[in-house]
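The values are calculated or read from the model by the stated rules, or taken from the named source; none is laboratory data. Please read all numbers here as calculations on a predicted model, not as lab measurements. Cβ coordinates were reconstructed from backbone atoms using ideal geometry, including for glycine residues, and neighbour counts include every protein chain displayed. The protein model used for the area step is the full one, side chains on, heavy atoms only, and it has no ligands, DNA or RNA in it. Shrake-Rupley method; radii C 1.70, N 1.55, O 1.52, S 1.80 Å.
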Amino acid sequence: MRLALALMLLPALAVAQEPDGFRMAQYRAPVPETLSGATVISAQDAHALWQQGAAFIDVLPRPPKPDALPEGTIWREKPRQSIPGAIWLPNVGYGEIAEVIDAYFRAGLDHATGGDSARQLVIFCLDDCWMSWNAAKRALGYGYSAVAWMPTGSDGWSAEDYPTEQLHPWHPG
């Protein structure tokens, strides 16, 4: 009986390994404890960086409007409560992104950092969200040198009872 229980718990105890490339599927799953080239931070670390004026990038995907809504239905997206001052760049954390999304992510990072690739960035999503891992890895590939990844995301931030505000997706211009 104990052996069967232990075998059932083994997958839950498994730690995700850092892949060589981007995560391509199952984006809400346990994440690695590392991201080569980035600093992995807690919500408390993020709060200290927030107080110091670091650029915060929220990469939670934007929910798509359902295709089969009856005519005349009003579509209201779920509000995004997040870290105050963060820039929400939705859909940039998928394993593969379209050229237009890549350009959007680059423009958003440039906006957030004022063109300074050495400015401290904090990239996050939700707890156990590979979108933030992918986005942080992508930012490193773009040449950003001070990338911090917060694996607990806005969930960890809220659990610490830090302030939040409603965000809207960033639009260039």
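Check off (1) of a type in the set (Gly, Ala, Ser); (2) at pLDDT 95 or above; (3) out of contact with any Asp or Glu (no Cβ under 6 Å at 6 or more places or on another chain) for Gly72 and give me the number that stays unchecked.
Every listed condition holds for Gly72 apart from (2).
Looking only at residues in the range 111-139 that are of a type in the set (Ser, Thr, Tyr) and open to solvent by less than 10 Å² (accessible area, probe 1.4 Å), which one is nearest to Asp155 (Cα to Cα)?
Taking the candidates together, the pick is Ser132.
Of all residues in the range 155-173, count the ones that are closer than 29 Å to Asp20 by Cα and out of contact with any Leu (no Cβ under 6 Å at 6 or more places or on another chain).
Selection size over the range 155-173: 2.
Being more than 24 Å from Tyr27 (Cα to Cα) and in contact with a helix residue (DSSP H, G or I) (Cβ under 7 Å, 6 or more places away or on another chain) is the filter here; which residues of the range 116-153 pass it?
Scanning the range 116-153 gives Arg119, Gln120.
If the requirement is being modelled with pLDDT of 95 or more, part of a helix (DSSP H, G or I), surrounded by fewer than 23 Cβ atoms within 10 Å (Cβ to Cβ) and touching a helix residue (DSSP H, G or I) at 6+ places or on another chain (Cβ under 9 Å), which of these qualifies: Gly108, Gly156?
Gly156
Answer yes or no as to whether Gln166 is open to solvent by 10 Å² or more (accessible area, probe 1.4 Å), at pLDDT 95 or above, within 25 Å of Thr34 (Cβ to Cβ) and not aromatic (Phe, Trp, Tyr).
no
Residues checked against (1) in contact (Cβ under 8 Å) with a residue 40 or more places away in the chain; (2) on the phi > 0 side of the Ramachandran plot; (3) part of a strand (DSSP E or B):
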{"site": "Pro19", "(1), (2), (3)": "no, no, no"}
{"site": "Phe22", "(1), (2), (3)": "yes, no, no"}
{"site": "Ala25", "(1), (2), (3)": "yes, no, no"}
{"site": "Pro30", "(1), (2), (3)": "yes, no, no"}
{"site": "Ala48", "(1), (2), (3)": "no, no, no"}
{"site": "Phe56", "(1), (2), (3)": "yes, no, yes"}
{"site": "Pro61", "(1), (2), (3)": "yes, no, no"}
{"site": "Thr73", "(1), (2), (3)": "no, no, no"}
{"site": "Glu77", "(1), (2), (3)": "no, no, no"}
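Among Ala103, Ala135, which is the only one that is hydrophobic (A, V, I, L, M, F, W, C) and more than 12 Å from the chain's Cα centre (by Cα)?
Ala103
Within the range 32-41, how many residues turn out to be closer than 21 Å to Ala112 by Cα and part of a loop (DSSP other than H, G, I, E, B)?
3
So, of the residues in the range 15-70 that are surrounded by 10 or more Cβ atoms within 10 Å (Cβ to Cβ) and among the hydroxyl-bearing types (Ser, Thr, Tyr), which turns out to be nearest to Ala86 (Cα to Cα)?
Among those that are surrounded by 10 or more Cβ atoms within 10 Å (Cβ to Cβ) and among the hydroxyl-bearing types (Ser, Thr, Tyr), it is Ser42.
Could you please give the count of residues in the range 79-104 that are open to solvent by 30 Å² or more (accessible area, probe 1.4 Å) and in a loop (DSSP other than H, G, I, E, B)?
Summing the residues that are open to solvent by 30 Å² or more (accessible area, probe 1.4 Å) and in a loop (DSSP other than H, G, I, E, B) in the range 79-104 gives 7.
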